[in-house]
Amino acid sequence: MTRVLLVEDEPVVRRLFTTILCSDGFEVRTTGLISEAKKLMSEETFDLIVSDYSLSDGTADEFYDWIKKNYADLAGKFILTTGWPEKEGFPVILEKPFHIKDLESLITKVLGS
């Protein structure tokens, strides 16, 4: 089963993403903090990361740089979700608001399936 780490600090959005991902057959772990995401990554294995840009303890810039340094194999399997589409430096950006099919298509593309 494909394991997804979802990093989103808005509870309503986190629940929506979790519902979508679980209904598509993914095993999902969630957190609203970068610090907790790092801890989860040190304890568990993930196939995909979906992260909001602005989080209460930092930004996805910092988190993605940390992933590239510590988990290089996941650097290409990172989907940034943001309301700021001009962000650069991420492999895949999903602009909010989005359609569920857009999320599902991006996941398929990123996972290569």
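Give the residues of the range 1-15 that are surrounded by 17 or more Cβ atoms within 10 Å (Cβ to Cβ) and in contact with a Lys or Arg (Cβ under 8 Å, 6 or more places away or on another chain), sorted by residue number.
First pass over the range 1-15, keeping only residues surrounded by 17 or more Cβ atoms within 10 Å (Cβ to Cβ): 4-8, 14.
Scanning the range 1-15 gives Val4, Leu5, Leu6, Glu8.
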Next on the checklist: Which numbered condition in (1) open to solvent by 50 Å² or more (accessible area, probe 1.4 Å); (2) at pLDDT below 95; (3) farther than 15 Å from Asp9 by Cβ is the only one that Leu106 fails?
Outcome noted: (1)
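Out of the range 5-19, which residues are more than 13 Å from the chain's Cα centre (by Cα) and either closer than 16 Å to Leu80 by Cα or not β-branched (Val, Ile, Thr) (or both)?
Once the filter is applied, which keeps residues that are more than 13 Å from the chain's Cα centre (by Cα) and either closer than 16 Å to Leu80 by Cα or not β-branched (Val, Ile, Thr) (or both), the range 5-19 yields Glu10, Pro11, Arg15, Leu16.
Residue-wise test of (1) open to solvent by 70 Å² or more (accessible area, probe 1.4 Å); (2) at pLDDT below 95; (3) basic (Lys, Arg).
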residue: Phe17; (1), (2), (3): no, yes, no
residue: Ser23; (1), (2), (3): yes, no, no
residue: Thr31; (1), (2), (3): no, no, no
residue: Glu44; (1), (2), (3): no, no, no
residue: Asp57; (1), (2), (3): no, no, no
residue: Gly89; (1), (2), (3): no, yes, no
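The values are calculated or read from the model by the stated rules, or taken from the named source; none is laboratory data. Everything numeric in this text was worked out from a predicted model, so none of it was measured. When we count neighbours, we look across all protein chains shown, and the Cβ atoms used for this are built from the backbone with ideal geometry, even at glycine. Remember, those area values only see protein heavy atoms, side chains included, never the ligands or the DNA or RNA. Shrake-Rupley method; radii C 1.70, N 1.55, O 1.52, S 1.80 Å.
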